[in-house]
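Working notes for the structure below.
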Amino acid sequence: MTTDEFNENGCPLTCREHAVLHLLTEQPAAPPVILAAKLGCSLSTFRKHLSNVRTKMGVSCQTEMIVRAVQYGWINLPRLTFVASDQRVGLDA
């Protein structure tokens, strides 16, 4: 998707900022240096993108950023499956 497509959908993030948000959603516990490497950018650039996302979304923490992005429809969480007592229970995020 291009930046224009995101803007048409009400998302003020650039493609790169959206990629940062998506990576954080997929791997919330991963160290920033690993996520930066996956994006092919430096750690300082990754942190700048992250700061831009937080500012644009008006949030102060990563959890709130992900929750709001899901609420706004900017990202989708995968279907989660829990196994308990030989029963499979599926939850749609």
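Evaluate segment 19-37: report whether one residue or more is modelled with pLDDT of 95 or more, surrounded by 17 or more Cβ atoms within 10 Å (Cβ to Cβ) and farther than 21 Å from residue 77 by Cβ. There is at least one residue in segment 19-37 that is modelled with pLDDT of 95 or more, surrounded by 17 or more Cβ atoms within 10 Å (Cβ to Cβ) and farther than 21 Å from residue 77 by Cβ. Residue count for segment 58-76 satisfying the condition of being surrounded by 14 or more Cβ atoms within 10 Å (Cβ to Cβ) and outside any helix (DSSP H, G or I): 3. Before we move on, is residue 55 surrounded by 14 or more Cβ atoms within 10 Å (Cβ to Cβ) and not charged (D, E, K, R)? For residue 55, the condition - surrounded by 14 or more Cβ atoms within 10 Å (Cβ to Cβ) and not charged (D, E, K, R) - is not met. For residue 69, the conditions (1) farther than 11 Å from residue 20 by Cα; (2) hydrophobic (A, V, I, L, M, F, W, C); (3) modelled with pLDDT of 90 or more are fulfilled apart from (3).
The values are calculated or read from the model by the stated rules, or taken from the named source; none is laboratory data. No experiment lies behind these values; they were computed from the predicted model shown. Neighbour counts are summed over all protein chains in view; Cβ atoms, including those assigned to glycine, are modelled from backbone coordinates with ideal geometry.
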